[in-house]
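The values are calculated or read from the model by the stated rules, or taken from the named source; none is laboratory data. Everything quoted here is computed from the prediction, not taken from an experiment. Please note: Cβ atoms are built from the backbone with ideal geometry, for glycine as well, and neighbour counts cover all protein chains shown.
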Amino acid sequence: MSPPDPRLQLLNITKRYPSVVANSDVSLTVMPGEIHAILGENGAGKSTLMKIIYGAVKADEGEVMWNGRQVAVANPAQARKLGIGMVFQHFSLFETLTVVENIALVLDEPFDLAALAKRVTEVSERYGLPLDPFRLVHSLSVGERQRVEIVRCLLQDPKLLILDEPTSVLTPQAVLKLFETLRQLSAEGVSILYISHKLHEIQALCDSATIMRGGKVTGNAIPKDETPASLARLMIGRELPVCEAPLYTGDSRPVLEIAGLSQVSDDPFGTTLHDISLTVQAGEIVGIAGISGNGQAELLAALSGESTTARETVRLDGEAIGHLDAGRRRDRGLVFVPEERLGRGAVPALPLSRNALLTAHRQGMKRWGLVDYAKARAFAEQCIARFDVRCGGAGSAARSLSGGNLQKFIVGREIMLAPKLMIVAQPTWGVDVGAAAFLRQTLLDLSRTGVAILVVSEELEELFEISDRIAVLAAGRLSEAKPKADTDAESIGLQMSGLSNEKTPESGHAHP
Amino acid sequence: MIDHLIPILAGAIAAATPLIFAGLGELVSERTGVINLGVEGMMLTGAIAGFAAAATTGYGAAIGLPAGALAGAAIAMVFAFFALSLAANQAACGLALTIFGIGLSAFIGQHYVSYSLPGLQPVAIPLLADIPVLGPILFKHDMVVYLSFIAFALVAWTLAKTRLGLLLKAVGESPEAAHAIGYPVLGIRYGAVAFGGAMAGIAGAYLSTVYTPLWVQNMSAGRGWIAVALVVFATWKPARLMLGAYLFGGVTILQFHAQGLGIELPVQLLAALPYVATVVVLVLISRDRKLLQLNLPASLGKPFLP
């Protein structure tokens, strides 16, 4: 008996964009029922490759073979007809529609919501993905939204399922659950393309892996036969960098004190904060774990001063600052690095020297009430040199920098303000491994000089690497911050899901 | 008392009819995320096209309304090309369209200033028209008024119950997601803008061939703007839009009666009353900010290029 035709075969795919070659001569083969990993860093070209398979992007060169026959996938609708389903990294769901309405929009069949709702329930139970078809999507947790996407694909009876960084928003428990579902699908003959940069997940789940770097395939491997170090070498070309956390020996005093902070969100899609209390000491890093949408944005706004609260609820170095706006909090030594680098951390179209001014104008960049551009430029150049920001100089526009380099610049800019307290949201989101390690080490070094740091992140591994204590924010409530040694990923994950995945209608934001 | 109210209310229904057409069209367009501020211009274009067609052929509103719809849709495509295909600022394009429509209609209309048309006779609907009070208010109108009832029912049903309605709402909320799952976002938006133009054209043609069957420069008199405002204050819901339109129609007729009764108020003030009353009431209805935000098409006014 001859071996079956490969489910999907890519031959010498090349895709060029004006400034970059996203895919160069990429080939890979996926067999029926195989779980195949695409491993690579941000910017390695994984997402472009998947979009080519799904018909959302056209390749410049190369061939796509489907079940042994050459095909030209012109658009996503045609890909779905062939039996290719895709679960997107940034979900393609409509928040104001219900689950079943969202699914109906993708299916090519007569419009009958009641009948479809029944099938949704059937499929979701069969694969252990419980869903209420009539809930509005905006009231679902991120994990539930992902279920909607997966069920939506499954209803189309796919032969190949593509998942783009599916676990970046899931709790450790939800990841295990997802893996069970994927194994069940693979046992039924569905091929799975699993895109990730998380080595241990790929080792736990995938039968084979294609590793990409800089748009090229750098290797093929059987993940179970490799070590994380050998996979990392293929992925980033060297060993995984490790951060060092020296002991803090300076004085300990509370720098940030939050006491009984409650706040009703006026955004209908927002989360209400319930009685949040937390202290961050000088010289320590406190991490706040949790999935975005559980009050992260609201808490950060209340701390940075973008929204003000009762005077006594927030204290900086003993002074009540709850009622002060962001500028006056910054005057007192609080700095904030927001999650959105472009648009909030920096102005995309402005050069770095002017972006330095945004927060660093407090460093004597005014003369007679006018801006001293020479000083701003000198500040930016110093920041670029000290924090290894790779760019065309202080004159290059913020948007021309890669995510990692822009983040280095923004974090560096704030550090040069000699803060007492630094609040950072998602410090390494969308940043390559090298820059992420640099940023983490920078935060560690900063804290050991006596600065208090509060990090809000979705990446548990990151929090365990740099934090001294970790708390969990779920459904607007903050758990007690526990020393890192007294907790582990599993118990943190339970706290994340215990509150957030079983969102009750009372705590859901659709019912104010 | 009732006897005095019946003609006022019946008049309100007729006066509201152009607002209903224009408002429903704009509502559909805004549901897909496109705000077209050119309603006034499209109405005037429809008004003169409808009037010219009716006057030239002699078939009256029967040819006037389709001609108005066609002209409204055609001029809306100019807006669509700039605002959708070239992703220009929608507010600026809409304003330009209004100014263009006012000028174009005045230019064409100078040949038609002295014409007048026969208008349309009211048709009493058998049985329904005999219902006391409601009958004469609702069911003794010209055919176009009934057409506006049908248009409302069709739009409301389509938006609430059909796949097309779902798709319109989906595109308005997240064109990126709609594109990602393979829908032609620009095509859908073009269609919605064309529908909005056609409906505004019908509204204009109703004014010029039925309501006051003659051409007067700038005869829509700000109704296009009221239609745009109605859509927002109605929080993009057809039923609320109807309510607002009838309110506007009611106060319009009321102030005519007030003028007739010789109430000691400047005419200009009375004439401004419908606009003020409509805005005030709708602001009160829509003061719930959460409701407004929940219903607001999230991509409204934002250009999208695939």
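Values computed for the structure shown
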quantity	calculated
Complete set of residues in the stretch A:474-492 that are touching a Ser or Thr at 6+ places or on another chain (Cβ under 6 Å), in a loop (DSSP other than H, G, I, E, B) and hydrophobic (A, V, I, L, M, F, W, C)	A:Ala475
Unmet requirement for A:Leu170, which otherwise passes all of (1) touching a Leu at 6+ places or on another chain (Cβ under 8 Å); (2) at the interface with another protein chain (Cβ under 10 Å from one of its Cβ atoms); (3) surrounded by 21 or more Cβ atoms within 10 Å (Cβ to Cβ)	(2)
A:Gly430, sole failed condition from (1) crowded, with 24+ Cβ neighbours inside 10 Å; (2) at pLDDT below 95; (3) not polar (S, T, N, Q)	(1)
Filter result for A:Asp275 (outside the structural domain of A:Leu140 (by TED's automatic domain parsing), free of Cβ contacts under 8 Å to residues at least 12 places away in the same chain, among the acidic types (Asp, Glu) and within 29 Å of A:Ser139 (Cα to Cα))	no
Hits in the stretch A:410-464 (condition: aliphatic (A, V, I, L, M), assigned to a loop (DSSP other than H, G, I, E, B) and farther than 25 Å from A:Arg233 by Cβ)	A:Met416, A:Leu417, A:Ala418, A:Val451
Residue match in the stretch B:153-162 (condition: within 14 Å of another protein chain (Cβ to nearest Cβ), in contact with a Lys or Arg (Cβ under 9 Å, 6 or more places away or on another chain) and either crowded, with 19+ Cβ neighbours inside 10 Å or under 18 Å from B:Leu24 (Cβ atoms) (or both))	yes
Members of the stretch B:257-302 found to be touching a residue at least 40 places away in the same chain (Cβ under 8 Å) and more than 30 Å from B:Val193 (Cβ to Cβ), listed by number	B:His257
Count of the stretch A:44-63 residues which are crowded, with 20+ Cβ neighbours inside 10 Å and either assigned to a loop (DSSP other than H, G, I, E, B) or among the hydrophobic types (A, V, I, L, M, F, W, C) (or both)	9
Output for the stretch B:288-306, where each listed residue is away from chain A (no Cβ under 14 Å) and either farther than 16 Å from B:Leu186 by Cα or among the small types (Gly, Ala, Ser) (or both)	B:Gly301
Yes/no for B:Thr56 being under 24 Å from B:Thr278 (Cα atoms), of a type in the set (Val, Ile, Thr) and in a helix (DSSP H, G or I)	no
Residues of the stretch A:55-81 that turn out to be within 30 Å of B:Gly172 (Cβ to Cβ) and more than 9 Å from every other protein chain (Cβ to nearest Cβ), as a count	5
Residue that is surrounded by the fewest Cβ atoms within 10 Å (Cβ to Cβ) [pool: residues in the stretch A:82-115 that are touching a residue at least 24 places away in the same chain (Cβ under 8 Å), part of a helix (DSSP H, G or I) and within 11 Å of another protein chain (Cβ to nearest Cβ)]	A:Val100
Search result, residues across the stretch A:116-145 that are within 14 Å of another protein chain (Cβ to nearest Cβ) and of a type in the set (S, T, N, Q)	A:Ser139
